[in-house]
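A quick write-up on the structure given underneath.
The values are calculated or read from the model by the stated rules, or taken from the named source; none is laboratory data. Small disclaimer: the values here were computed from a predicted structure and weren't measured. With ideal geometry, Cβ positions are generated from the backbone for all residues, glycine too; neighbour counts draw on all protein chains shown.
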Amino acid sequence: MLARLALPLTVALALAAGRAHAGEPKAEPKPESKPESKPESKPEPAADAPEKKAQPEVSEEARQWFRRGVQLLEDVEGMRYEEAYLAFKKAYAISHSPKILGNLGLCAMKLERDGEAIDAYTRYLGEVDDIQPEERQQIERDLKLLSDGVARLELRASPDGAMVTDERIPIQGPRVRNRYGPVDGAMTLRLHPGQHHVVVQNEGYPEQAVDLDLQPGATVAREVALVKAKPVEKPDAKPEKGPVPAGVWATLGVTGALAVGAAISGGLAAGNHGEYGNAIAAGDTARADDLASRGKTLNIAADVLLGATGAAGITTLVLLFALPREPKSETALVPLVAPNQAGVGWIGRF
């Protein structure tokens, strides 16, 4: 007869913090051989006798994960439920043996993953036949407390793939945090009653949070639609000023020419005034009258040129700040000033 693998409960931990349904998978020994004899007739099984479910085979890898979970629950510094939960979950994923569900349910209950604890305990009681009566009664009490008090959060989240971080905020003691997901459309979370801060996250989207006061046995529905943040618009950078427009250079040249003309006219008028004084002193009235007429003309010219210079200067400043700066040119209009003359000219590379 082939050896049959099972997971008998060989270790029972009864501590103030909780208990563990622990054991190590073992193979049942083969029965001793007996001398051949006439086959005896076997009684037919009763028609209403329940058929026992075949236990799945357990690999060595699953055994190792199971042993690790038991060791974590037996830690001298206290039961390490979170790490043990992961170890039992790994062992069950490999073996699918229902006898692991007792320990998995215990760890889930201690971590306040109430929905998982309810599912694990329910299957453990329904699929494992050799549970000790005392253990079965304790699990049935725990299962009733969980089922009667659990609160349900019916969560719809978009887009798909969101992860949910639930944080229960007790009146006293540290916060209890669990993570669920990914959420594809909708998910029902069975949570411990109390104040909850639920955060929905998805890569590439700003997270959203929901605060809930979950009462025992209540069902609450929430919908969270994550929206991508709009890109931050940077203020328009001030355009770099290009070269001075040609019009500015033109008015600047005119301004310079007028200023030179005004200076020359003023100088001539001053010289003429000196000669006029000398003619009066010499009694030369005819020359004095001629110089006086000439002085009036020079003074008028100097005043006109000076006024035109001011107007041209103002025009140059307005054009300098008002005209758009064009791309840099290879040529430019510049003022040309020399003794007794002024003007503008173009310079550049050819």
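Can you tell me which residue within segment 210-236, out of those that are among the β-branched types (V, I, T) and assigned to a loop (DSSP other than H, G, I, E, B), is modelled with the lowest pLDDT? My answer is V232. Whenever a residue of segment 76-95 is assigned by TED's automatic domain parsing to the domain that holds Q64 and free of Cβ contacts under 8 Å to residues at least 40 places away in the same chain, its partners that are among the polar types (S, T, N, Q) and assigned to a helix (DSSP H, G or I), lying with C-beta atoms within less than 6 angstrom and at least six residues away or across chains, give the pairs F88/N103. For D119, the test of being in contact with a Phe, Trp or Tyr (Cβ under 7 Å, 6 or more places away or on another chain) and either modelled with pLDDT of 95 or more or under 18 Å from L214 (Cβ atoms) (or both) is failed.
To keep it simple, each residue is scored yes or no on (1) over 18 Å from E116 (Cβ atoms); (2) modelled with pLDDT of 95 or more; (3) assigned by TED's automatic domain parsing to the domain that holds Q201; (4) not aliphatic (A, V, I, L, M).
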| residue | (1), (2), (3), (4) |
| --- | --- |
| I139 | no, yes, no, no |
| L155 | no, yes, yes, no |
| V164 | no, yes, yes, no |
| G173 | yes, no, yes, yes |
